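Read through the structure below, which is laid out as structure tokens, and then see the notes.
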Amino acid sequence: MSAEILAFLVLATATVAGGVVTLWSRYVVHSAFGLMLSLLGVAGFYVLLGSDFLAVTQVVVYVGGVVVLYLFGVMLTPPDREERSIRRIAVAGIFAVAALVVLLKAVFGMEGRWYGVDPDRGPASGGAVIREVGNAFMDKEAYLLPFEIASVLLLVALVGAVFIARREGGRGS
Amino acid sequence: MNRRDGFAGWVRNLWDGVFSTMVGMGITIRYFFTKPVTVQFPEEKMEVAPRYRGIHYLEQDLCIACRVCEKACPIDCIEIRFKRHPGGVNEWFEFSLDYNKCMFCELCCIPCPKSCIHEGREYSMVRYDRSELVLDLLTWKGMREVDLRTIKEAEEEKKRKAAEAAARRAAEKAKKEAAAKEGDPGKPRKKETPGKRDPEGGGDER
Amino acid sequence: MTDLESTPKEGTREIVLDVRTQDMEINMGPQHPSTHGVLRVVITADGEIITSARPYVGYIHRCAEKIAECVTYDQFVPYTDRYDYLAAMNNNLGYCLAVEKAAELEVPPRATWIRMICAELNRIGSHLIAFGTYGLDLGAFTPFLYGFREREWMMSLFEKICGARLTYSFMFPGGLANDAPEGWFDEVLRFCDVFDRKWREYDALLTRNKIFIERTRDVGVIPAEMAKAYGLTGPCLRGSGVRFDLRESAPYLFYDRVSFDVPVGQGEMGTVGDCWDRYFVRMAEMLQSTRIIRQCVELCLAETTPGEVMAKKPKTLKIPPTEVYVGVENPRGELGHYLVTDGKDKAFRLKIRGPSFCNLSIIPAILPGTMIADAVAIIGSIDIVLGEVDR
Amino acid sequence: MISALPPAAAIFLAQGTGGESRSLFRDLFGAGSGWGSFASAVLGFAVVFAVASALPVLFTWAERRVSGRMQQRRGPNRVGPFGLVQAVADGVKLMFKEDIIPANAERFLFALAPGLVLAGMIAAFALIPFSERAIVVDAPLGVYLLAALLSLQVLGVVMAGWASNNKWSLLGAMREAAQMVSYEIPMGICLLIGVLSFSTLSLREMSLAQADGWLNVGNWLIFRNPLFAFPAFVVLYVALLANTKRAPFDLPEAESELVSGFHTEYSGIRFSFFFLEEYASMFLVSALAVCMFLGGWNIPFLPGSVVTGSVGAEILAALVLIVKSFALVFVMIWLRWTLPRIRIDQVMNLCYKYLTPIAFVCLIGTCWWELR
């Protein structure tokens, strides 16, 4: 068993465990922490796949940003002590089974190794990936327009958020 | 003064923040290069003032056990036990101060007719147990040699006086019997009355 | 963490976007670093915003007023040290003035001058603590130690004149325990000079610091009318712009013979009556105190001869039935002693009006709507001493 | 122990992003995947952990001495010469102190949180180039990865605050979350300025690019582009102060307001983790600022070519970086003992109304400067 497989197993366990905690915990905060674990595990997968840029982005955006905001939002919520209704579980179950089927098909449809680095490509060099990503964003032929549209969308969202969050007659200074 | 809106206010706020921080940092760094003012306690002790009100000391040979200090104490932390003997001699058992309670107000020292209880310049009183904080101010317990002598002398004196008195009484009786005459109120003047309270509130004991 | 099972209290309210939040009830104190003693404030907070605050006092209640009925007039002096332990001289003074007024004792002028000097010195010392701990409350540690450095000198001045450093028991009904020792007045003057220089340092380090100003201005504003309605006195009242100082409006001792200003809050940094104003009134008062001290020393040396510091009074002071009220301007406000006598050597009743207690009463009125960090700033700016609140 | 897991995981993550690295340890174990990299990860972890826990010892001593002198006190002076061993003694004391977990706390998260706080910081230590070769992990993504790791510790703080089941802790955690998320913006923009100027993300390459120039300082970013890089440096420094929860941004633990903030309930060894994190990250962020703006390991007035190659030169370079970082740490201490604490809304104001716009202006200015 190589170190890589070991790492993969650890990461997979972490990811799945995080997911399970996210789904099962009655404390929303536990769910958020479970999500954090899950997302970190995915970041680990990216590392294993040699895609360091993606891994770091995963950490910055999802773990450092999204989960923190979740936590900030749900930290003051009490535990959900309601009975879980069968209907909700059933609906969720149907979706879960469907997703599982799709995922399994995707996984077993892959050729060759389905973990670790593609032996033919070799580990992607971080610097090169960033350069590629940067070029793709700034290239007129590639993703410049979607990139700009996305940034405008984000700007609008930002302004909107500020507008909503603004309390009438806030404090001075 | 600090209210300014718009861009000018923004710049002004920024400048104020940076400038006042700089000023403050200037002050702290100046002190960084000065000598500390700390007194390293157990090694060097601060010179206490001559009037410092610290742990009491008692000039026992002056003390007449009048209990004025005991009465003056607002929290009753002084306890005096003694036995009065002839010749104005006190047999000392206890003159204790409970430093759990004592607040060093000097009220016990002010009314003392003999100015024999003082608050000294000792202040460090570290003990392992509260019970050890009850200090006995006595320098000797019971009686000294000299006291015994005084008592003996006083007793002898008393005996002598008694004898004299008896003799005199006998003589008087004889005289009285002989002829009616004025009596002699010769009573031994031994008892020391507690002195008047010092009107100056103790004054300057230096 | 909040518990939904408990029924929503009056603090529950809806804010923007229909997010139903429940307020958090926090116990601030009695063991909290910035409640200046054992004050307990129960704060209901919506996030960082306080929705209500209720102070609870009484943790160090020591029955000072009852004790006054059980000990003689002289014996009560050490107890007066202990209600506002940061301004023991001023407490001594207030009590002695009350007893003297009831007993109609004539105090020698030298004693009066020295009393004034001591009272003002102690005002400086007390305000230095207020200044230092206020910095501490707002997170600035260094001013605290600078303040203590000067206060240390002030205390050693007291040590020289009366032998104690915190609880002085120096003034007794009728005068003083001691006359000033040799060279004491010179050292007092030297202290004043050095202190004025150091004051400028405090000013630059804390008072004019931008962060400090931002933390204190427009925070905890007490309008003048409200201040009067709640019976505030001292810097809290003057910070709201009301020019009321017993030393000026009802002069006792020889305060009518010295010239000094009464600093009032002017809203220099924000609104009149905000924390900065209250704080700055204290700072300005320290300078006025050195001014008073200088005049007192000059007049005392010019007019009196050493030695005569205690009035002629009987061994045991017995006061014929009467009742008096004497208020003095303590560092924290008007310290009132209402004394009822019945001809015995003990007071029949002594009522103490502690300024901190009255000043504290404003807390529930001005805390709601501010943030938790502001609560600390406001409580600090009111500058309470719990020994006096509870007595 | 649970608390030790996250740091190990983080260092693994950092190692993994090393790519074609040229770190000392990679050289030692051969640049391969598999057990070699695992061993080098373990060794790297050990080295970094040693450094990261030795520095706080020094810094707590420095903090107490410096603050003492600034307040005309002496500071610790009993244990060892100049009280140098005081911090060690305190550390030992913390280790042997009773480790209390409050009855109603979330035991697992409570135990995990200190490790999580430490994780990002320790892993980030591996990325600091002390000299051209003395670097545990030379990740091509250097700065980006560092920012990511710094953003991890907020999770630990939030976890600690929530798991303690204490209202003060919770408030501290909320403050921390708000503060960190906000200050990542100006910090990110300022880091971007460095990236823009050197067109690399690697801290090592940045430091290399700052060699030579006039007196060997001319190429430092703040001198090369004084108009925009200097304000950006100041903004970055302030943002990093906020990121390390140092005064005047110590709101999450503001002891006069929140008793002790998020670590109110912590004691003993777990508390020392928070303590370690605070002081080690002081050095960490200072080193980051030095590498990007103050020429990294380059020695002023001594041409870079003179001091490359030999082991002695490497050590000298590392010392220079450490001295420069110490200078910035000293300023942190200095600021802490001068300034009052800012209120939470003012923290946000400062971030969004002052630092972010200034950082943006600097970014645009740097663009212009570089394209000029």
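Just one of the numbered conditions (1) open to solvent by 20 Å² or more (accessible area, probe 1.4 Å); (2) under 30 Å from residue B:45 (Cα atoms) is not true of residue B:107: (1).
For the list (1) surrounded by 15 or more Cβ atoms within 10 Å (Cβ to Cβ); (2) modelled with pLDDT of 80 or more, I need the number of the one condition that residue B:143 fails. Against the list (1) surrounded by 15 or more Cβ atoms within 10 Å (Cβ to Cβ); (2) modelled with pLDDT of 80 or more, residue B:143 comes up short only on (2). The set of residues in the range A:49-74 being open to solvent by less than 20 Å² (accessible area, probe 1.4 Å), farther than 23 Å from residue D:178 by Cβ and assigned to a helix (DSSP H, G or I) consists of A:52, A:55, A:56. Selection over the range B:27-36 of residues that are facing another protein chain (nearest Cβ under 8 Å) and either among the β-branched types (Val, Ile, Thr) or part of a helix (DSSP H, G or I) (or both) gives a count of 6. With the condition kept exactly as written, say whether any residue in the range C:85-97 is touching a Ser or Thr at 6+ places or on another chain (Cβ under 7 Å) and within 22 Å of residue C:307 (Cα to Cα). The answer is yes, given that some residue of the range C:85-97 is touching a Ser or Thr at 6+ places or on another chain (Cβ under 7 Å) and within 22 Å of residue C:307 (Cα to Cα). No other residue among B:127, B:160, B:149 is without any contact (Cβ under 8 Å) to a residue 60 or more places away in the chain, farther than 16 Å from residue C:163 by Cβ and part of a loop (DSSP other than H, G, I, E, B) apart from B:127. Considering D:335, D:339, the condition of being closer than 18 Å to residue D:247 by Cβ, assigned to a helix (DSSP H, G or I), within 14 Å of chain C (Cβ to nearest Cβ) and of a type outside the set (S, T, N, Q) is satisfied by D:335 alone. For the range B:3-20, taking the residues that are touching a helix residue (DSSP H, G or I) at 6+ places or on another chain (Cβ under 7 Å) and open to solvent by less than 30 Å² (accessible area, probe 1.4 Å), the one that is nearest to residue D:349 (Cα to Cα) is identified as B:17.
Tell me, please, whether a residue that is touching a Cys at 6+ places or on another chain (Cβ under 7 Å) and over 19 Å from residue C:116 (Cβ atoms) can be found in the range C:165-172. Within the range C:165-172 (the criterion being touching a Cys at 6+ places or on another chain (Cβ under 7 Å) and over 19 Å from residue C:116 (Cβ atoms)), the answer is no, since none of the residues qualifies. Going through (1) more than 24 Å from residue C:316 (Cα to Cα); (2) crowded, with 18+ Cβ neighbours inside 10 Å one by one, residue B:153 falls short only on (2). Applying the condition of being among the hydrophobic types (A, V, I, L, M, F, W, C) and over 19 Å from the mean Cα position of the chain (by Cα) to the range C:225-252 and asking which residue is surrounded by the fewest Cβ atoms within 10 Å (Cβ to Cβ) yields C:229.
Per-residue answers, yes or no, for (1) part of a loop (DSSP other than H, G, I, E, B); (2) within 10 Å of chain C (Cβ to nearest Cβ); (3) free of Cβ contacts under 8 Å to residues at least 40 places away in the same chain:
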position: B:7; (1), (2), (3): no, no, yes
position: B:16; (1), (2), (3): no, yes, yes
position: B:23; (1), (2), (3): no, yes, yes
position: B:40; (1), (2), (3): yes, no, yes
position: B:44; (1), (2), (3): yes, no, yes
position: B:53; (1), (2), (3): yes, yes, no
position: B:57; (1), (2), (3): no, no, no
position: B:70; (1), (2), (3): no, no, yes
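When residue C:188 is tested against (1) within 10 Å of another protein chain (Cβ to nearest Cβ); (2) among the β-branched types (Val, Ile, Thr); (3) within 25 Å of residue C:305 (Cβ to Cβ), just one condition goes unmet, and that condition is (1).
Return the residue satisfying two criteria in turn: it lies in the range C:42-60 and is under 24 Å from residue D:176 (Cβ atoms) and of a type outside the set (Gly, Ala, Ser), and of such residues it is nearest to the other protein chains (Cβ to nearest Cβ). Here the answer is C:48.
Residue by residue, here is whether (1) more than 30 Å from residue C:272 (Cα to Cα); (2) open to solvent by less than 30 Å² (accessible area, probe 1.4 Å); (3) of a type outside the set (D, E, K, R) holds:
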position	(1), (2), (3)
C:299	yes, no, yes
C:309	yes, yes, yes
C:372	no, yes, yes
C:391	yes, yes, no
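If the condition is being open to solvent by less than 70 Å² (accessible area, probe 1.4 Å) and more than 17 Å from residue C:165 (Cβ to Cβ), then the range B:35-55 contributes B:36, B:40. Annotation note: of C:104, C:120, C:150, the sole residue that is more than 14 Å from chain D (Cβ to nearest Cβ) and either surrounded by fewer than 24 Cβ atoms within 10 Å (Cβ to Cβ) or among the hydrophobic types (A, V, I, L, M, F, W, C) (or both) is C:104. Listed conditions (1) within 14 Å of chain B (Cβ to nearest Cβ); (2) within 25 Å of residue C:218 (Cα to Cα) are all met by residue C:244, apart from (1). Looking only at the range D:106-122, count how many residues are open to solvent by 10 Å² or more (accessible area, probe 1.4 Å) and within 20 Å of residue D:167 (Cβ to Cβ). Matching residues across the range D:106-122 total 3.
Take the residues in the range D:209-250 that are of a type in the set (Phe, Trp, Tyr) and surrounded by fewer than 21 Cβ atoms within 10 Å (Cβ to Cβ), then tell me which one is nearest to residue D:333 (Cα to Cα).
Applying the first criterion (of a type in the set (Phe, Trp, Tyr)) to the range D:209-250 yields D:214, D:220, D:223, D:228, D:230, D:233, D:237, D:249.
Subsequent filtering for residues that are surrounded by fewer than 21 Cβ atoms within 10 Å (Cβ to Cβ) retains D:214, D:223, D:230, D:237.
Working: D:214: 31, D:223: 25, D:230: 21, D:237: 13 Å.
Here the answer is D:237.
Going residue by residue through the range D:363-370, is there one that turns out to be without any contact (Cβ under 8 Å) to a residue 24 or more places away in the chain and hydrophobic (A, V, I, L, M, F, W, C)? Yes, because at least one residue in the range D:363-370 is without any contact (Cβ under 8 Å) to a residue 24 or more places away in the chain and hydrophobic (A, V, I, L, M, F, W, C).
Within the range C:155-166, residues that are under 18 Å from residue C:126 (Cα atoms) sit with their Cβ atoms under 9 Å from residues that are of a type in the set (Ser, Thr, Tyr) and open to solvent by 20 Å² or more (accessible area, probe 1.4 Å), at 6+ positions apart or across chains, in these pairs: C:159/B:52; C:164/B:52; C:165/B:52; C:165/C:156; C:166/C:85.
Looking at the structure I just gave you, is residue C:304 of a type in the set (Ser, Thr, Tyr) and under 14 Å from residue C:115 (Cα atoms)? Spelling it out, residue C:304 is indeed of a type in the set (Ser, Thr, Tyr) and under 14 Å from residue C:115 (Cα atoms).
What helices (runs of 4 or more DSSP H) lie completely within the range D:137-256 and have 3 or more residues being within 14 Å of chain A (Cβ to nearest Cβ)?
D:142-163, D:167-198, D:203-209
The single residue among C:132, C:147, C:139, C:125 that is on the phi > 0 side of the Ramachandran plot, free of Cβ contacts under 8 Å to residues at least 60 places away in the same chain and of a type outside the set (Asp, Glu) turns out to be C:139.
Scanning the range C:59-81 for residues that are assigned to a loop (DSSP other than H, G, I, E, B) and either closer than 29 Å to residue B:106 by Cβ or open to solvent by less than 40 Å² (accessible area, probe 1.4 Å) (or both) gives C:60, C:61, C:62, C:63, C:69, C:70, C:71, C:73, C:74, C:75, C:76.
Scanning the range C:201-217 for residues that are in a loop (DSSP other than H, G, I, E, B) and buried (at least 20 other Cβ atoms within 10 Å of the Cβ), which turns out farthest from the other protein chains (Cβ to nearest Cβ)? Among those residues, the one meeting the criterion is C:217. Among the residues of the range D:64-91, those that are out of contact with any Gly (no Cβ under 9 Å at 6 or more places or on another chain), in contact (Cβ under 8 Å) with a residue 12 or more places away in the chain and within 12 Å of chain C (Cβ to nearest Cβ) comprise D:70, D:71.
The values are calculated or read from the model by the stated rules, or taken from the named source; none is laboratory data. This one's a predicted model, so the numbers in the text were calculated from it and none came from an experiment. All Cβ positions, even for glycine, are placed from backbone atoms using ideal geometry, and neighbour counts span all protein chains on display. Just the protein is used for accessible areas: all its heavy atoms, side chains included, with ligands, DNA and RNA removed. Shrake-Rupley method; radii C 1.70, N 1.55, O 1.52, S 1.80 Å.
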